[in-house]
Number of protein chains: 2
Amino acid sequence: MAKHMQRDLEKLQGLVLKMAGHVEGAIYSSIRALRDRDPDAAKRVTDGDNEIDQMENEVQEECLKILALHQPVAVDLRRIAAVMLISTDLERMGDLAVGIAERAEMLAVPPTISVPERLAHMTAATTDMVRKALDAFVHQDVAAARTVVRLDDVVDDDNDHIIAWLTAEMKKSPDLVDAGISLFSAVRHLERIADHATNIAEDVIYLVEGEIVRHKPQAIQPAAH
Amino acid sequence: MAKHMQRDLEKLQGLVLKMAGHVEGAIYSSIRALRDRDPDAAKRVTDGDNEIDQMENEVQEECLKILALHQPVAVDLRRIAAVMLISTDLERMGDLAVGIAERAEMLAVPPTISVPERLAHMTAATTDMVRKALDAFVHQDVAAARTVVRLDDVVDDDNDHIIAWLTAEMKKSPDLVDAGISLFSAVRHLERIADHATNIAEDVIYLVEGEIVRHKPQAIQPAAH
């Protein structure tokens, strides 16, 4: 029985990692579509979201099956609970990538606003957080999870920098307000993706230490802004 | 054993409803702070978020305890899984109310942008969705849950209307760009609160019917925008 459960847990982990890979790809592609003003690439991200959604359903079903079949306790139970929350975060990251792709489609037509250099840095930092959060989950590595929580500050700095630049551009050129609002939304979506990666890292810390850090000062998640 | 579990499930439901009441209050107060340009009211929302966070922790702990102690199956198991996801949605609604309150603090200082009439309608529709989603959960009422999913379109319409107005204001008066961006963020936060209410309603449908509607066309959740 315990052996069967371990096998099922490994299968579950494989599903989550596959889902995370798809989500990471969607984030990169949506930002690339934004940068290259490529509406076809944006459409591919939107079309691909269905697969991510199906993966979430599959993960949730697997979790319920394992709970009902093996009735795990202690750390195994917490691991299932963590997977349920992690898959929800991943699915919402996928939705946010679609949101970015939709902005990319809007921004592909004039009048165009330039995409700030700093966005590449923010994207790299965000996808780095997503990857590290999942690695931390797989290896149940609390130190790595805490690194992810700290990295969120880097993304927040990038976000603040870009928003300040964007606001200044809109003041200078009111005809860029529509494009500016679209780009603002896309940047905020990226920042929220980083917040979801932080949620995952906090779930990993809880999984390993049984300590809820989500709402503690040392790892507090900034409120939405 | 079954009797003990029912008692624990009722206690759990009571916790969730208490949490929902706090969240609903936070949403109303944050919007009132925005409308009345009242930074003190805004600060009370921010200060109150800690309590909502603690409630989420309590709910999650109770869920794990019930799973480990009673090892529920079938509908009881799905009910616990739904509560875990619902409490996460409620906690994020609380964060979004804090986000609105932070914007309210910024918008309390000149230059001021007028708060559109339509925001009152959007707020009423959103809190209505939150209340109806929780009612649907308590009474396991699928019809009510489907109403919530449909109501999201009303909120989206309000959102689109307000954003169009706001964009026009910013084009006319570039000195209002900063205030406009803050108000835009607050409105988007409110729209995301409605999305979370939709998530809860979809979880209720899943709980009762065992059917995952989250990603089905008839009840599909619009991508983030």
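State yes or no: is A:Lys65 in contact (Cβ under 8 Å) with a residue 24 or more places away in the chain, within 11 Å of another protein chain (Cβ to nearest Cβ) and open to solvent by 30 Å² or more (accessible area, probe 1.4 Å)?
Values: in contact (Cβ under 8 Å) with a residue 24 or more places away in the chain: yes; within 11 Å of another protein chain (Cβ to nearest Cβ): yes; open to solvent by 30 Å² or more (accessible area, probe 1.4 Å): yes.
Considered against the rule, which asks whether it is in contact (Cβ under 8 Å) with a residue 24 or more places away in the chain, within 11 Å of another protein chain (Cβ to nearest Cβ) and open to solvent by 30 Å² or more (accessible area, probe 1.4 Å), A:Lys65 comes out as yes.
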All but one of (1) within 28 Å of B:Gly99 (Cβ to Cβ); (2) surrounded by fewer than 16 Cβ atoms within 10 Å (Cβ to Cβ); (3) more than 13 Å from chain A (Cβ to nearest Cβ) hold for B:His22, so report the exception by its number.
(2)
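Output yes when any residue across the stretch B:91-99 is closer than 17 Å to B:Ala133 by Cα, open to solvent by 30 Å² or more (accessible area, probe 1.4 Å), within 11 Å of another protein chain (Cβ to nearest Cβ) and at pLDDT 95 or above, and no when none is. It would help to see each step written out before you state the result.
First, the residues of the stretch B:91-99 that are closer than 17 Å to B:Ala133 by Cα: B:91-94.
Going one step further and asking which of them are open to solvent by 30 Å² or more (accessible area, probe 1.4 Å), we end up with B:92.
Subsequent filtering for residues that are within 11 Å of another protein chain (Cβ to nearest Cβ) retains B:92.
Of the ones still in play, those that are also at pLDDT 95 or above are B:92.
Scanning the stretch B:91-99, I find at least one residue that is closer than 17 Å to B:Ala133 by Cα, open to solvent by 30 Å² or more (accessible area, probe 1.4 Å), within 11 Å of another protein chain (Cβ to nearest Cβ) and at pLDDT 95 or above, so the answer is yes.
Yes/no matrix, rows are residues, columns are (1) open to solvent by less than 70 Å² (accessible area, probe 1.4 Å); (2) at pLDDT 95 or above; (3) not charged (D, E, K, R):
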site: A:Val16; (1), (2), (3): yes, yes, yes
site: A:Ser29; (1), (2), (3): yes, yes, yes
site: A:Ala33; (1), (2), (3): yes, yes, yes
site: A:Asp38; (1), (2), (3): yes, yes, no
site: A:Ala42; (1), (2), (3): yes, yes, yes
site: A:Thr46; (1), (2), (3): yes, yes, yes
site: A:Asp76; (1), (2), (3): yes, no, no
site: A:Ala81; (1), (2), (3): yes, no, yes
site: A:Asp89; (1), (2), (3): yes, yes, no
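Here are A:Ala168, A:Ala201: which of them is of a type in the set (Gly, Ala, Ser) and more than 9 Å from chain B (Cβ to nearest Cβ)? Break it down stepwise before answering.
Working: A:Ala168 fails: more than 9 Å from chain B (Cβ to nearest Cβ).
Checking each option against the conditions leaves just A:Ala201.
The values are calculated or read from the model by the stated rules, or taken from the named source; none is laboratory data. Every value quoted in this text rests on a predicted model; they were computed, and no experiment measured them. Positions of Cβ are backbone-derived with ideal geometry, glycine not excepted, and every protein chain shown enters the neighbour counts. Just the protein is used for accessible areas: all its heavy atoms, side chains included, with ligands, DNA and RNA removed. Shrake-Rupley method; radii C 1.70, N 1.55, O 1.52, S 1.80 Å.
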